[in-house]
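Quick notes on the structure that follows.
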Amino acid sequence: MIEAEWWEYDSVEEMADAVSGDVGFIIESAIDARDASLLALPGGKTPLPIFDKMIKAKLPWKKVTIVPTDERLVAVDHELSNARMLAQRFMRAGARVIPIGGENDDVDAAGNIADARLQDLPWPPDLVWLGMGADGHTASIFAGPDMQKALDAPNARRAVGVRPDPLPAEAPVPRVTLTRAALLSARTLIITIQGAEKKELLEQAIADGQSSRLPIGRLLAEAEQPIDIHWAP
Ligand SMILES: O=C(O)[C@H](O)[C@@H](O)[C@H](O)[C@H](O)COP(=O)(O)O
C-alpha cells in the first residue's frame, strides 16, 4: 500500500515557497543530527523555480552534498547535463555537487562508474526528490529493455546504466539512474509534478501499484516510507 500525501497549490510560485521550506527543514535537521546532509535531486524543468528559491535561503550549504537522481550521458559541461544544471545553482551557494555521469558510449560501464562514485558517499540520502515524465518515467527509470534492471538491482547497488526505448524527445540520450533500491533508501521521499495530465497519470500509477506498467508506479509500490507529492497546475 503506497502511503502518499498530496499537496496541491494554486501556482508554481506557491509550490516553490512550500517545497523550498520543506527541503530547508530537511537539510537543517540532517545537519543537526549528523553535521552533514546528502540530497539526491532531479533534473527536468519543474524543480527549477524551487531550486532558485532554495539557494536564496540562508542554509549551511557548505555541509550539503548533492547528487543527481539520474544523469544523461553527455559531457559534464553539456546543456543536457543534470550535474551542470545543479552545479550552476548549488555550487554557487556553497554546496558540493558530485557528477555521476559524463560522455560514455558504454552505458553499462557508465552505470558502474556512477555506482562506484555513489558508494563513496555516506548513505542513505536525507532526501530523494523525484520528478515524473509524461510517459511515467522517474529519475531515469524508463519503460524499455533496462527498466527491470533498474527496478530489480540488489539493495547494495546504487546506480545502473540505462537505454530508454524510445529515447525521450527532451533529452534523447542514454542515461545512468539511481536504482529503485537506492532511491527508496532515502530518509525522505518527495515528488514534484505539474499539470493536470501528470496528476491523473500519477494517481493511476499509485492505484495500480505493483501491477502498474509505468516505472513510477513500480518504483513507489515498494516504498516503505510515506511520500509527499507536491503538485501545481
Ligand atoms: O530527465 C531527468 O533528468 C529527470 O530526472 C526526469 O526524471 C525528470 O524529473 C522528468 O522527466 C520530469 O521532467 P520535467 O520536470 O521537465 O517535466
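Results, tabulated for the structure shown:
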| read-out | value |
| --- | --- |
| Hey, GLU3 charged (D, E, K, R), within 23 Å of ILE141 (Cβ to Cβ), more than 13 Å from the ligand (Cβ to nearest atom) and touching a residue at least 24 places away in the same chain (Cβ under 8 Å) or not | yes |
| Whichever residue in the range 57-79 is more than 12 Å from the ligand (Cβ to nearest atom) and in a strand (DSSP E or B) and, among such residues, is surrounded by the fewest Cβ atoms within 10 Å (Cβ to Cβ) | THR65 |
| The one condition in (1) within 14 Å of the ligand (Cβ to nearest atom); (2) modelled with pLDDT of 95 or more that ASP126 fails to fulfil | (1) |
| Of all residues in the range 177-213 being under 17 Å from LYS149 (Cβ atoms) and over 12 Å from the mean Cα position of the chain (by Cα), the one that is surrounded by the fewest Cβ atoms within 10 Å (Cβ to Cβ) | ARG213 |
| When residues of the range 44-56 are limited to those that are away from the ligand (no atom under 14 Å from the Cβ) and either more than 28 Å from GLY136 (Cβ to Cβ) or not in a helix (DSSP H, G or I) (or both), the one nearest to the chain's Cα centre (by Cα) | ILE55 |
| Close pairs from the range 77-96: first touching a residue at least 24 places away in the same chain (Cβ under 8 Å), partner within 16 Å of the ligand (Cβ to nearest atom) and assigned to a loop (DSSP other than H, G, I, E, B), Cβ under 7 Å, at least 6 apart | LEU80/VAL74; LEU80/ALA171; LEU80/VAL173; ASN82/GLY43; MET85/GLY43 |
| Members of the range 141-171 that are in a loop (DSSP other than H, G, I, E, B), farther than 13 Å from ARG218 by Cα and either of a type in the set (Phe, Trp, Tyr) or within 12 Å of the ligand (Cβ to nearest atom) (or both) | PRO164, LEU167, PRO168, ALA169, GLU170, ALA171 |
| Residues located in the range 202-233, provided they are within 15 Å of the ligand (Cβ to nearest atom) and either under 19 Å from VAL12 (Cα atoms) or part of a loop (DSSP other than H, G, I, E, B) (or both) | LEU202, LEU214, ILE229, HIS230, TRP231, ALA232, PRO233 |
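The values are calculated or read from the model by the stated rules, or taken from the named source; none is laboratory data. Remember, it's a predicted structure, so these values are computed and weren't measured experimentally. Cβ coordinates were reconstructed from backbone atoms using ideal geometry, including for glycine residues, and neighbour counts include every protein chain displayed.
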